[in-house]
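Only the coordinates and a few stated rules stand behind these numbers; no lab work does. Nothing here was measured: the structure is a model prediction, and the numbers come from that model. In this analysis, Cβ positions are derived from the backbone assuming ideal geometry, glycine residues included, and neighbour counts consider all displayed protein chains.
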Amino acid sequence: MRKITDSIIHHKKLTVLLFCAIAAVCALLSRGVSVNYTFVDYLPQEAQSTKAFEILEEDFVQGVPNTRVMIKNVTIEEALTYKEKLSAIDGVSDVLWLDDMADLRVPLETLDSDLVTDYYKDGTALFSLTIAEGHEVSATDQIYQLIGEDNAMSGSAVNTATAMKMTGNETKTAMFILIPVIILILILTTTSWLEPALYLIAIGMSVLINMGTNLIFGEISFISNSISPILQLAVSLDYAIFLLHSFEAFRQKTDDVNEAMRLAVRQAFSSVAASAATTLFGFLALVFMQFQIGANLGMVLAKGIILSFLSVILFLPPLTLLCLKLIDKTRHRKLLPHGNRIGKIVPKLGIPAIVIVMLLIVPSFLAQQHNNFSYGTSLISSESRSGQDTVEINEQFGQSTVIVLLVPRGDPANETLLCRELEAEPHVTGIVSYTTAVGPEVPGEFLDSSITNQFYSENYSRIIVYTDTADEGDVAFSVVEQVQGTARDYYGDTVYSSGQSVTMYDMKSVVTRDNQVVNFIAIAAIFLVLLVTFRSLMLPIILLITIETAIWVNLSYPYFIGSQLVYIGYLIINTVQLGATVDYAILFTNHYMNNRKLMPKKEAVKATLGQVFGSILTSATILALAGFALQITSSNQIVAEMGQLLGRGTIIAFLMVLVFLPAALTLLDGVIQKTTFRIRFLRSDKNEKSV
């Protein structure tokens, strides 16, 4: 490490220019990183909806209907004209309307009224469209231009198009909000007007490099694209702060600034590496998710933490030395009050804190497991046009979800019986198949291939089942099970199904299993890091209880107020909050253990609070504000909810570390000494209170 440090200090300008060049190249490369907004692409290959999706792409021209378009004040003839115009739009592969379900040459009064009102009601027509993947933005823009402001459009393709337009801009908006606030916080906690800029430049470089090097993944998920830059910035600023604080301390001991930086890098390397390791392993736990959207985020964040660490160790030292004269010229007194007052107040709260935590820990743990979960379809805020359009269409025609069944081809009689049974099932509003649209008695050889190809491939028959359920929920999932079960009664396990509700059903099965695996891996990995760091059996348990309790309280809040929680956010925030906030507990415990060798436990707690309060407050404030910035700026409900969970969870973790952890360390002082390798505490006064 000394050789590397000597080299970067000796070649200060070259090192800084090299990092700037790499960051500039990566900033350009980041424009070429593809962002994926499709949930089904991240399900495991063995998921039946994934197999169904692959069959549909390979064997059929038409995909799964994913858009509803409602046009008001039209006659039957005008609706048919609109259907032709919609079909002509590039990216729209299929348009289904009433004329596909019934003969419109006869009076509407003679047709099944329920069938008619599914597509045409009170002069308003509702079309079911299939927009091809990759054409969401262009196709929906053309549809909006065709139908105007007075009509409406909804569906997963519309949500995807809206998210694609907004995500990049919203991340920039969150950064524009967050960075000035971070600068203000850093000004309050540093002694130079220039230092905050150095912190942001060092971590900003690593963020740019991380975004550009995402090219190695081919593409990243919209969640990774939205939150990883902000989360990386907020989590790793601590590394830069610690290095420069260490540098300032060594400057007081030596007049040689280069030597002071060498010593600072040497000291910071092990401390920052330990801090980064807990965060890194927390993020890497996400890689073990079967639902690959979490694995993708875990890889992006883990890479970001490594790059931030390298930037702080290799780039920040030469940059600081080059700017040293400016740093000294822009000195100011520390604006944040010293933490000694906290050291006098907090210990008095120890017993109440332990009592409160003991009362909350079990109910919070149970409540966070029994939240009312959704699984990710509500991507877009209800305040957006697509959100408002969805409400309007549902009010006029009710909810609608499509399930596409793929059954073995070659048995028209069986297919007819299946369709009849499906039509009779609750919540099924319509069936479109060869046998219902053409008739089992008409041989496919007598028809144009453009007709038969809509329903048949070489091996499969395609049946579209329309239901009146939402995309997800107990009713929707029971209908999926019901439709799949009925189809298997006729065809066994050779049946596949696809559609938004089917995808959510499979996702529920996958991510529910992921929760236990990911949490176990994250906790086990961080426990081992803490075990090695402190060489103690008791301290890792205390630290993990501190942070896990904060997580459980955070995630139980939606349960107690009766609100719904997106399961993906619940799953990811479990590991993200653990990895990001356990550093506060490590910092506090490190200082306490050092102080405890020199002081009685009560005095050690007071001294530690005075030493670390400012650092933990700065870090927690920045991370919490990063979360709330995501919540405020994102129209994507998954991202916004994750931001809210992160912001609230960071505040709870800060309070747990500030109030509960000191009390726990004091109460278990004797156990800690007995279970820690080669540690000798100063003997406490026998009359000293435990907490």
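Values computed for the structure shown
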quantity: Two-site FRET efficiency, V181 against L310, from Cβ-Cβ distance with R₀ of 22 Å, rounded to 0.05; calculated: 0.25
quantity: Convex hull per residue volume in Å³, alpha carbons only, for the stretch 159-248; calculated: 95
quantity: Other-chain or far-sequence residues with amide H under 5 Å of Y460's (modelled H); calculated: R409
quantity: For the stretch 616-666, convex hull of alpha carbons as volume per residue, Å³; calculated: 52
quantity: Alpha-carbon Rg/Rh ratio, for the stretch 266-381, with Rh computed the Kirkwood way; calculated: 1.11
quantity: Radius, Kirkwood style, for the stretch 558-691 when every pair of distinct Cα atoms is counted (Å); calculated: 16.5
quantity: Electrostatic dipole magnitude of the chain [Cβ: Lys, Arg +1; Asp, Glu -1; Cα centre; debye, to 20]; calculated: 7080
quantity: Rounded to 10°, Cα long-axis angle of helix 195-213 versus longest principal axis of the chain; calculated: 40
quantity: Label point distance in nm, S113-L194, each placed 7 Å from Cα along Cα→Cβ; calculated: 8.2
quantity: Dimensionless Rg ratio for the stretch 586-656, taking C-alpha atoms and the 2.2 N^0.38 Å reference; calculated: 1.46
quantity: Separation of alpha-carbon centers, the stretch 225-246 and the stretch 116-139, rounded to whole Å; calculated: 46
quantity: Largest to smallest principal axis extent of the C-alpha atoms in the stretch 1-44, angstrom; calculated: 51, 24, 7
quantity: Net charge over other residues, Cβ less than 9 angstrom from the Cβ of S457 (K, R count +1; D, E count -1); calculated: -1
quantity: Solvent-free Debye scattering, log10 I(q)/I(0), computed from the Cα coordinates of the stretch 464-535 at q = 0.19, 0.21, 0.22, 0.28 Å⁻¹; calculated: -0.81, -0.91, -0.96, -1.20
quantity: Cα gyration tensor of the stretch 547-626 - equivalent ellipsoid semi-axes, whole Å, descending; calculated: 32, 13, 11
quantity: Kirkwood Rh (inverse of mean 1/r, distinct Cα pairs), the stretch 494-644, angstrom; calculated: 17.9
quantity: Two-site label geometry, E425 and F560: point separation in nm, points 7 Å out along Cα→Cβ; calculated: 4.1
quantity: Charge dipole of the stretch 1-133 about the Cα centre (unit charges at C-beta), most positive-ward option of H11, L126, F39; calculated: H11
quantity: Size of electric dipole in the stretch 203-288: Cβ of Lys, Arg +1 and of Asp, Glu -1, about Cα centre, debye, nearest 20; calculated: 100
quantity: 5 Å binning of all Cα-Cα separations within the stretch 147-206, expressed as whole percents from 0 upward; calculated: 4, 14, 15, 16, 11, 9, 8, 7, 7, 6, 4, 1
quantity: Dipole axis of the chain (+1 Lys, Arg; -1 Asp, Glu on Cβ), positive-most option in S374, L215, G204; calculated: G204
quantity: Label-point gap, in nm, between V257 and V287 - each point 7 angstrom along Cα→Cβ; calculated: 4.0
quantity: Contour excess over end-to-end distance, with Cα ends at Q145 and E395 and 0.36 nm allotted per residue; calculated: 87.7 nm
quantity: Rounded to whole Hz, the Karplus (6.51, -1.76, 1.60) HN-Hα couplings of the stretch 518-524, x for glycine and proline; calculated: 5, 4, 4, 5, 4, 5, 5
quantity: q = 0.16 Å⁻¹: log10 I(q)/I(0) that the Debye formula gives for the stretch 41-142, counting C-alpha atoms only; calculated: -0.78
quantity: Acute angle (nearest 10 degrees) that the helix 156-189 long axis makes with the longest principal axis of the chain, alpha-carbon atoms; calculated: 10
quantity: Backbone HN-Hα couplings from phi across the stretch 401-413 [Karplus 6.51/-1.76/1.60, Hz, Gly and Pro as x]; calculated: 9, 9, 10, 9, 9, 10, 10, x, 7, x, 9, x, 5
quantity: Rg/Rg_globular for the stretch 346-434, with Rg_globular taken as 2.2 N^0.38 Å and Rg from C-alpha atoms; calculated: 2.09
quantity: Karplus-derived HN-Hα couplings along the stretch 231-246 (A = 6.51, B = -1.76, C = 1.60, θ = phi - 60°), whole Hz, x at Gly and Pro; calculated: 5, 4, 4, 5, 6, 9, 4, 4, 4, 5, 4, 5, 4, 6, 5, 5
quantity: Equivalent ellipsoid dimensions for the stretch 5-89 as semi-axes, Å, which come from the Cα gyration tensor, largest first; calculated: 53, 22, 10
quantity: Dipole magnitude of the stretch 576-691 about its Cα centre (Cβ charges: Lys, Arg +1; Asp, Glu -1), debye to nearest 20; calculated: 680
quantity: Stokes-Einstein D for the stretch 90-173, Kirkwood Rh over Cα pairs, 20 °C, 1.002 mPa s (µm²/s); calculated: 144
quantity: Per residue, the convex hull volume that the Cα atoms of the chain enclose (Å³); calculated: 172
quantity: Coarse-grained scattering of the stretch 492-566 at q = 0.12, 0.17, 0.25, 0.27 Å⁻¹, given as base-10 log I(q)/I(0) from a Debye sum over alpha-carbon atoms; calculated: -0.57, -0.84, -1.15, -1.19
quantity: Residue-averaged 222 nm ellipticity for the chain, from DSSP H runs of 4+ at -39500 (n - 2.57), nearest 500; calculated: -21500 deg cm²/dmol
quantity: Förster radius 60 Å - calculated FRET efficiency between R680 and V61, Cβ distance, rounded to 0.05; calculated: 0.20
quantity: Förster-model FRET efficiency, 35 Å R0, L417 and K121, C-beta, rounded to 0.05; calculated: 0.70
quantity: D (Stokes-Einstein, µm²/s), Kirkwood Cα radius, the stretch 420-556, 1.306 mPa s at 10 °C; calculated: 82
